[in-house]
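Note sheet for the following structure.
The values are calculated or read from the model by the stated rules, or taken from the named source; none is laboratory data. Bear in mind the structure is a predicted one, so any value in this text is a computation, not a measurement. Glycine also receives a Cβ, built like all others from the backbone with ideal geometry; neighbour counts cover every protein chain displayed.
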């Protein structure tokens, strides 16, 4: 599995309604070895694995798959039932339509709806009885993320999105949202929250079955966050190459040669996905460091080496720039 990290904003969003539900956010964080101090750092990050486990623990403790953002709780088990209702569909269009109809059965204040308009297909989040407020903005993000990643899992490829529209202003760095939606363009403060897809994707055949669904349901949150498919973005391809050679990171020209494209072409393609080669190198190093800091028995010097640094001092400076704390402080809080 790739080492990935996620903005602490998403962890704060998961826990936002915990106290109102009688839960102790500190206990939930410590259960998954996430330092509560990180919740106070605006640019802090946590590993994808810990975030996924935190999300599952919190919704299970709440018995609410909307994490307290819906007008009524959505009992744990609804996601599993939705998956079983969808898995027998032949095409993605049928699956998304059934997915939307399933959630329209519940009075959550918000539900997805599928509409087709010319060459575009829209998965629009519709409010029920006009109910909407800033307190459920994260529900918009969560529903659109789950829709895109689940649809991608069904057809075993990351579905290209024409655009993601969110009603709210960004609550985390815009680049983090682009990562959550796999580099696809995102527009904020829009009239409605929706995914805009090419209508042709609705014709794609469902590639999963009851057997693969059983595996998926063991930890769908983690699988949707980390699953890779044969068709990857340029960012993913470059990231994978850098990750495999962290102890001797190649230059952009070397990566372009490996990918059989001109360096300038690679720069343009990465820019179109909202990133740069330098950003990818830093992200791989950061995520690798976060991953190994959660392991027992590894010194800071060893983690520095595994993250591609020749000197610990350079690693410590870089880590503080990434997270706002030193690796020693980060580990102490775990």
Legend entry - Qualifying position, being part of a helix (DSSP H, G or I) and touching a helix residue (DSSP H, G or I) at 6+ places or on another chain (Cβ under 7 Å), among 269, 317: 269
Inset, instruction - Scan 64, 24 and give me the residue that is over 30 Å from residue 283 (Cα atoms), surrounded by 15 or more Cβ atoms within 10 Å (Cβ to Cβ), modelled with pLDDT of 90 or more and more than 19 Å from the chain's Cα centre (by Cα). - result: 64
Legend entry - Pairs with Cβ under 7 Å, 6+ apart, first in the stretch 302-324 and assigned by TED's automatic domain parsing to the domain that holds residue 46 and farther than 19 Å from residue 44 by Cβ, second assigned to a helix (DSSP H, G or I) and modelled with pLDDT under 90: none
Inset, instruction - Please verify whether the stretch 94-116 includes one or more residues that are assigned by TED's automatic domain parsing to the domain that holds residue 160, under 22 Å from the mean Cα position of the chain (by Cα) and either closer than 23 Å to residue 26 by Cα or touching a residue at least 60 places away in the same chain (Cβ under 8 Å) (or both). - result: yes
Inset, instruction - Report yes if some residue within the stretch 99-113 is over 21 Å from residue 140 (Cβ atoms) and surrounded by fewer than 18 Cβ atoms within 10 Å (Cβ to Cβ); otherwise report no. - result: no
Inset, instruction - Output the number of the condition that residue 172 fails; it satisfies all remaining conditions of (1) at pLDDT below 95; (2) touching a strand residue (DSSP E or B) at 6+ places or on another chain (Cβ under 6 Å); (3) not in a loop (DSSP other than H, G, I, E, B). - result: (3)
Inset, instruction - Could you please give the count of residues in the stretch 152-162 that are at pLDDT 90 or above and more than 24 Å from residue 11 (Cβ to Cβ)? - result: 2
Legend entry - Selected residue (only one of 120, 125, 144 is under 22 Å from residue 52 (Cα atoms) and either outside the structural domain of residue 172 (by TED's automatic domain parsing) or in contact (Cβ under 8 Å) with a residue 40 or more places away in the chain (or both)): 144
Inset, instruction - Would you check which residues across the stretch 272-301 are under 22 Å from residue 160 (Cα atoms) and part of a loop (DSSP other than H, G, I, E, B) and list them? - result: 273, 274, 275, 276
Inset, instruction - Of all residues in the stretch 182-218, count the ones that are in a loop (DSSP other than H, G, I, E, B) and either within 23 Å of residue 272 (Cα to Cα) or in contact with a helix residue (DSSP H, G or I) (Cβ under 7 Å, 6 or more places away or on another chain) (or both). - result: 13
Legend entry - Flag for residue 143 being touching a strand residue (DSSP E or B) at 6+ places or on another chain (Cβ under 7 Å), buried (at least 18 other Cβ atoms within 10 Å of the Cβ) and closer than 21 Å to residue 164 by Cβ: yes
Legend entry - Tally, over the stretch 290-306, of residues that are at pLDDT 90 or above and closer than 19 Å to residue 226 by Cβ: 0
Inset, instruction - Determine which member of the set 256, 221 is in the same structural domain as residue 156 (by TED's automatic domain parsing), modelled with pLDDT of 90 or more and touching a helix residue (DSSP H, G or I) at 6+ places or on another chain (Cβ under 8 Å). - result: 221
Inset, instruction - Kindly indicate the residue of the stretch 224-248 that is surrounded by fewer than 17 Cβ atoms within 10 Å (Cβ to Cβ) and in a loop (DSSP other than H, G, I, E, B) and also modelled with the lowest pLDDT among those meeting that condition. - result: 231
Legend entry - Scan of the stretch 269-308 for residues that are under 25 Å from the mean Cα position of the chain (by Cα), on the phi > 0 side of the Ramachandran plot and loosely packed, with under 14 Cβ neighbours inside 10 Å, ordered by number: none
Inset, instruction - Determine whether residue 213 is more than 17 Å from the chain's Cα centre (by Cα) and assigned by TED's automatic domain parsing to the domain that holds residue 147. - result: yes
